[in-house]
Structure formats: C-alpha cells, structure tokens
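The values are calculated or read from the model by the stated rules, or taken from the named source; none is laboratory data. Not measured: the values here are computed from a predicted model. With ideal geometry, Cβ positions are generated from the backbone for all residues, glycine too; neighbour counts draw on all protein chains shown.
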Amino acid sequence: MSYNKKHVSVTLPGVRGLSSSSGPRVCIVGGGPAGFYTAQQLLKARQDAAVDVYERLPVPFGLVRFGVAPDHPEVKNVINTFTQTAQHERCSFHGNVNVGKDVTIDELRQAYHAVVLSYGAEGNRSMGIPGEDLPGVFSAKDFVGWYNGLPSNKELRPDLSCETAVILGQGNVALDVARILLAPVEMPRKRLTELMMKAAKEGGDDKAEKCWGFRFFRNPVEVIAGADGKRATGIRLALNKLEGSGESARAEVTGQLEDVDCGLIISSIGYKSIPIDPAVPFDPRRAIVPNEMGRVQDTAGLYCSGWVKRGPTGVIATTMNDSFDTARVLIQDMEAGKLDLSVNKPGAQAITALLQTRGVRTVLFSQWEKINAEEEKRGKFLGKPREKLLDVDEMLKIAWS
Ligand code: FAD
C-alpha cells in the first residue's frame, strides 16, 4: 500500500496495592488486555483469589493505549472494564516493573502460587532486504507507537513532508497507518476507513489533497538509497503472478521489477513476541511461549495468555476469549490439586520489598489515576480527550507527587 500527498498508492485491606487474602495468589506479567481479562476471570471464578498485575510501563492497558488508532475511541472503552478489574479489592496493579530485568520469573514463582505471562508482542518482524535500516524506513510498530505517544518512540520524528509513502503489508495495522497518514492533523471524529474504501472504489477524487491505493502482487526486494546513500528514496518491488487455482494458488515471481519513488517506507509485516527471561521456555520460530491451552510447556505453575500465547493476531475480543480460556485452565489446575495451595505465599508484599532493595519503585493504580487526570486536564485545555505524557520521568513525577 502506498500513500501520496497528491496520489497514497497504497492487597492489605485499606492499603491499595497490597492484598491480604490467604487464598491463591496469582501474578500476571503485563497490564494489557490479556492481563486484565485473565485477572477479571480469575477474580470472578475464585472468591478467595488475589491477583497482582505487574506492568513494565508506569501506565496500564498495553496496545489499547499504544496501538489502537486514535480515531477508534469506541475501541478504547474497554479501558473502563480494565479499570474496574484494577480497582477490585482483590486486585492490585504495579506499574514501572520490567519483569525479567527488575525481578525474575523465578522470584515471582516463589512469591505466588501461579504466574501468568501476558506481556504481548513487543518485537518486530524484519523484512530482511538490503537498505531496510536506512533513515526513512520505519516499522509500523514504531510508527504506531510514535503517533500513539509511546515513550520509547517519542523521538522517531518521521519526515512527513514527502510526496509519497509506501506501506508494505495490508493488514489491519497497515490500514490504521494509511488512515492516520491520510487524516488531517486535527484528528477527525469520524472513522475514516469507510471513506477511504469509498474513495478507492470510486477511483479517487481529483480535488482530494491526498489519495491512496492498493498495489497487489508485489513484494519488496530492496530499499533504494538516494545519491548520498544516506536516506531511502524509493523501494524496489518484485512483481508476482498467481500460479494454480483454488487453495493451491500461489504467488510466484515473474522476474519483473518495479521501482517506486517515495520518501517514507513503513513495513507493516507483523509484531512478534520476545523472550523476557531465560528461565521461561520460548519458541523462536513461532515467537511465542510454547504452551498447551495456556499452560507453559514443562513449567508447572506458569501460564500464558494473549499475544505471547498465540502470536500477534486477533482483535481485543479474540484476546479476551483466549485469556478467559487460560484463566479457566488455571482454576481447573487449582481445583485438581496441581498447584500446591496449602502453602501461604507472600505475593506483592515480598516482591515490592525485593524491588525496593533494587531501587525500583512501583506505580500503583491510584498513582496511574493521577497521570490519567493530568493527561485529561492537558487535553481539555487543547480541546481533545487527553494529551498523553510522553516522558516516563514526568509520568513518575506526577504519579508519586
Ligand atoms: P499488549 O496489548 O501488547 O499488552 C502487553 C502488556 O505487557 C503491555 O502493557 C506491555 O507494556 C507489557 N509488558 C511487556 N513486556 C513486559 C515486561 N517485561 N514486564 C512487564 N510488563 C511487560 N484490536 C481491536 O479489537 N480493535 C482495534 O482497533 C485494534 N487496533 C490495533 C492496532 C494496532 C496497531 C495493534 C498492534 C493491535 C490492534 N488491536 C486492535 C489488537 C489488540 O491491541 C490486541 O489484540 C491486544 O492488545 C493484545 O493484548 P495483549 O495483552 O496480549 O498484548
């Protein structure tokens, strides 16, 4: 898919944050949809269970905050459900904890009866073609993170002054990126996908300031550098054709090449999970934590849900269903005696104390609410729902103020 300015071709009671239940204690790694849906189901199914969610960032909600496009505000309403879960008396949220670095999975397993890995897919698939590291080439993951205010992408500064952008891929994320590139800077309230599709079907509008289109049967073979070799100025595509028919139809190269001049290249060929702790099994080929119905292979008491369980596909509803499945399996294991619940586990009290010795201070949900209030206040001033904070240090300052 490319885009062109004139033409886009393509718990302790009373103490929030520490729970005192003597029932099963479960730890969840990752405060995105998978983490919150798993927590929600566990809390509902076991009235004696306490669940602590550890999140790398000082802010919760994962890709709902940092992935879902800003012109899909209705999708972001799931945050209300996650907030109810986080505010549940047997749930606690601990942000600013990078599991695998600040605390190991083995340490969490000692402090809890069960640990659920719900840390998503923060890696990026590479195209494996010459020139893909040139300035002007971005992964959709970073580009999406940039327009959604992800602190690690705040310095990305893509040059949007070029005439043509090419997006490689045509999944939901590629369409999000195209819509955002085509949108006016002051984000329109209305969903743009329908309008984009209408314009594409009708052959575009001559008066449109920006236009776009699909180019099928092409795969990238090389990023073309400018004369100084310092910047991407185009992309070389191999033209393909379909061989065979029905389910056996395959795209085969024709030997023909096509060069497209462009100043911005965004590769949208998928996210991938990465290993966060050497003690956890990881399947590098599928880029997931190997599991059977959410039970991590060969590791009793360790579970997974969401994108790290099944790979980076599916919408929030898919993630919800698979997280509910993992929670059900975990409860079954508790009830079948596969997890030793006879021993009391210290949970967040022990982990928070351990983190303190390492100079790591957590952000509790009530502290995130201060960040949230500040963002909403700044947004109101600018006439929008929120103005996200981009700097982790500033987030922490506000959270702990
Ligand atoms: P994530 O949402 O990625 O959550 C994982 C969490 O784990 C993150 O908060 C992360 O910070 C945290 N984490 C990572 N590493 C660590 C660590 N070491 N220690 C502690 N915490 C850690 N779905 C829809 O239904 N509608 C949409 O419009 C939509 N748009 C999307 C747009 C984009 C660009 C993308 C990428 C996805 C979109 N989705 C959409 C899909 C949806 O976002 C996913 O299904 C869902 O977010 C997956 O949930 P998850 O919890 O597995 O992963």
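Per the conditions (1) surrounded by fewer than 24 Cβ atoms within 10 Å (Cβ to Cβ); (2) away from the ligand (no atom under 13 Å from the Cβ), the sole criterion not satisfied by A114 is (1). Counting the residues of region 305-341 that are among the charged types (D, E, K, R) and more than 16 Å from the ligand (Cβ to nearest atom) gives 5.
Taking the criterion of being of a type in the set (S, T, Y) and away from the ligand (no atom under 12 Å from the Cβ), the only residue of region 117-132 that qualifies is S126.
Exactly one residue out of A336, A373, A353 is surrounded by fewer than 18 Cβ atoms within 10 Å (Cβ to Cβ) and under 23 Å from K44 (Cβ atoms): that is A336.
Collect the residues in region 26-46 that are in a helix (DSSP H, G or I) and of a type in the set (G, A, S), keeping them in residue-number order. Within region 26-46, A34, G35, A39, A45 qualify. Here G270 fulfils each of the conditions (1) of a type in the set (G, A, S); (2) buried (at least 22 other Cβ atoms within 10 Å of the Cβ); (3) out of contact with any Leu (no Cβ under 6 Å at 6 or more places or on another chain) apart from (2).
When the residues of region 54-99 are filtered to those that are away from the ligand (no atom under 12 Å from the Cβ) and of a type outside the set (S, T, Y), which remaining residue is farthest from Q349 (Cα to Cα)? Applying the filter and picking the extreme gives N80. Of all residue pairs spaced 6 or more apart or on separate chains, those with beta-carbon atoms under 6 Å, a first member in region 332-347 that is assigned to a loop (DSSP other than H, G, I, E, B) and a second member that is among the polar types (S, T, N, Q) are N344/S22. Among the residues here, S92 qualifies as buried (at least 17 other Cβ atoms within 10 Å of the Cβ), touching a strand residue (DSSP E or B) at 6+ places or on another chain (Cβ under 6 Å) and closer than 26 Å to G359 by Cβ. Number of residues in region 163-178 that are within 16 Å of the chain's Cα centre (by Cα) and among the charged types (D, E, K, R): the value is 1.
Residue-by-condition table, conditions (1) assigned by TED's automatic domain parsing to the domain that holds K141; (2) crowded, with 20+ Cβ neighbours inside 10 Å; (3) modelled with pLDDT of 95 or more:
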residue	(1), (2), (3)
S245	yes, no, no
D261	yes, no, yes
P278	no, no, yes
A287	no, yes, yes
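May I ask you to verify whether C304 is surrounded by 14 or more Cβ atoms within 10 Å (Cβ to Cβ) and not assigned by TED's automatic domain parsing to the domain that holds D106? The answer is no for C304.
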